[in-house]
Amino acid sequence: MSLESLTRRRALGLGLGAMVLAGCGGGGGPKQAAQQSSGPATAAPTSYTGPAVSLAFWNGFTGGDGPFMKRLVEQFNSAHPNIKITMNVYQWSDYYSKVPAAVSAGRGPDLGIMHVDSVATNAARQVVLPLDDVATSLSLTEADFSPPVWQAGVYKGARYSIPLDVHPLGMFYNKTVLSKAGLDPDNPPKTGEEYLAALETLKKAGVQGHWATPFPFTGSMQFGSLLHQFGGRLFADDAGVSRFAEEPGVQALTWLVELVNKGHSPKNVGQDADFIALQNGKAAFNWNGIWSINTLREHKDLEWGVAPLPQVGTEPAAWAGSHQFVIFKQRRPDQNKLTAAKVFINWISGHSIEWAKAGQVPARKTIRESAEFKELKEQAAIGSQIDHLYFLPPVAGIGDASAVVDEAVNAAVLLKKSPKDALTEAAAKADKVLEQNRKKYGA
């Protein structure tokens, strides 16, 4: 995943609502989409014996993760001579406009990957098919994954996606900077008290330890993580109203703003400047996504580590995204293709240790608990947060409402508005968006 400001934020599903479904038909959801299911529930398909089929598989893996998926597809094709997977890769922003248009025109791909935050919107617009039967036929249950990521793919009581991975936020740290300040580079802070104490020690050593970014990547993610740690939520479970302006939200945003006020962060931090500061030795800590692992590995002389986010509030929590498999609606369903798609999804999920090497945490529990995954120490460290990750409510158009949070974080961290005022104003806007979405997609 590249570090491309707004486009990258949208690519991860934090503001896709307005762009996801250009050119598609009106709302529908489970009742209408169920008219074309992905096939009857049968025994878990681990092999395909039907006639030769070709499946179009679309995704947006244009970054360093792309070659890993390409190799997995090649391995699958070699092991399944009567199934040919053709992978088309687009920039995520292009992907989310091309897919609905192609499906609407009857020329859509057979299956693909979607960020979990965009699944509900595509389900409401009948772009993707319900997959409860796929989960049943593959014998997949919540116990095979983790409750947060499994439930995130359910819209209006029907499952529309199968998790491939999670990509959470973690705490990256520069070991050299910590050592020079007299801190233990092999024992990073685990609590809020330890973290603030470390920042004070760094400050005395002339280091601004945690640069507070006002941008969605990763300021909004940090805010959301802290919000949940303080016991709050971005929205009500049904997304009827926003909740981020309540007291936990004020606490969370105040904590970030205080990094600036107390001199632990410079003012007006530029996009990705916080991550660069970590690499250049100007900052000690950076809360960033798991995709940062492979970037940092390229710096051979950099001594660094990664750990779960410190627990600043009353409960552990961290932002995460998730790539999930979807099967697209077709004008003429082909049962052989649907069966072959099940085989592919099951095979990739079962071989996702290779995907983990791309800088991801496999969603499949058996893979995460394997000795081979535990050897990927950085991924395993971030993956230890699996049961404490949060996702947006699976509600159509939720990305539009969540994008309003970015405005509040930006205004507060740039010291233009108080955290309370910034959040209150944003909540009023978000509630209007939620109301509009109910009319647009159906309650």
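Kindly indicate whether GLY64 is surrounded by 14 or more Cβ atoms within 10 Å (Cβ to Cβ), over 24 Å from SER402 (Cβ atoms) and modelled with pLDDT under 95.
yes
If LEU338 satisfies every condition in (1) assigned to a helix (DSSP H, G or I); (2) touching a residue at least 40 places away in the same chain (Cβ under 8 Å); (3) of a type in the set (A, V, I, L, M); (4) not assigned by TED's automatic domain parsing to the domain that holds TYR155 but one, which is the exception?
With respect to (1) assigned to a helix (DSSP H, G or I); (2) touching a residue at least 40 places away in the same chain (Cβ under 8 Å); (3) of a type in the set (A, V, I, L, M); (4) not assigned by TED's automatic domain parsing to the domain that holds TYR155, LEU338 is out only on (4).
Evaluate the following for ASN88: is it in contact with a strand residue (DSSP E or B) (Cβ under 8 Å, 6 or more places away or on another chain), polar (S, T, N, Q), in the same structural domain as ALA341 (by TED's automatic domain parsing) and part of a helix (DSSP H, G or I)?
Judged against the criteria, ASN88 is not a match.
Sort out which residues of segment 374-385 are outside any loop (DSSP other than H, G, I, E, B) and buried (at least 21 other Cβ atoms within 10 Å of the Cβ), and write them in order of number.
Within segment 374-385, GLN379, ILE382, GLY383 qualify.
Conditions (1) within 23 Å of PHE223 (Cα to Cα); (2) outside the structural domain of TRP255 (by TED's automatic domain parsing); (3) surrounded by 23 or more Cβ atoms within 10 Å (Cβ to Cβ), marked per residue:
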| residue | (1), (2), (3) |
| --- | --- |
| LYS342 | no, yes, yes |
| ASP387 | yes, yes, no |
| VAL409 | yes, no, yes |
| LYS420 | yes, no, no |
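Within the group ASP184, ASP237, which residue is without any contact (Cβ under 8 Å) to a residue 24 or more places away in the chain and surrounded by fewer than 21 Cβ atoms within 10 Å (Cβ to Cβ)?
Result of the check over ASP184, ASP237: ASP184.
Within the group VAL103, VAL127, which residue is modelled with pLDDT of 95 or more, under 19 Å from LYS342 (Cα atoms) and buried (at least 20 other Cβ atoms within 10 Å of the Cβ)?
VAL127
What is the residue count in segment 51-71 for residues that are over 21 Å from the mean Cα position of the chain (by Cα) and outside any loop (DSSP other than H, G, I, E, B)?
Number of matching residues: 5.
Just checking: which of the helices (runs of 4 or more DSSP H) contained wholly in segment 208-298 hold 3 or more residues that are of a type in the set (A, V, I, L, M, F, W, C) and under 20 Å from LEU169 (Cα atoms)?
221-229, 247-261, 273-280
Considering GLY399, GLY313, which residue is within 29 Å of LYS429 (Cα to Cα), in contact (Cβ under 8 Å) with a residue 40 or more places away in the chain and in a helix (DSSP H, G or I)?
Of the residues listed, the single one that is within 29 Å of LYS429 (Cα to Cα), in contact (Cβ under 8 Å) with a residue 40 or more places away in the chain and in a helix (DSSP H, G or I) is GLY399.
Check segment 392-414 and report whether any residue there is at pLDDT 95 or above and farther than 19 Å from ARG243 by Cα.
Yes.
The values are calculated or read from the model by the stated rules, or taken from the named source; none is laboratory data. What you see is a predicted model; the values in this text were computed from it and never measured. Glycine also receives a Cβ, built like all others from the backbone with ideal geometry; neighbour counts cover every protein chain displayed.
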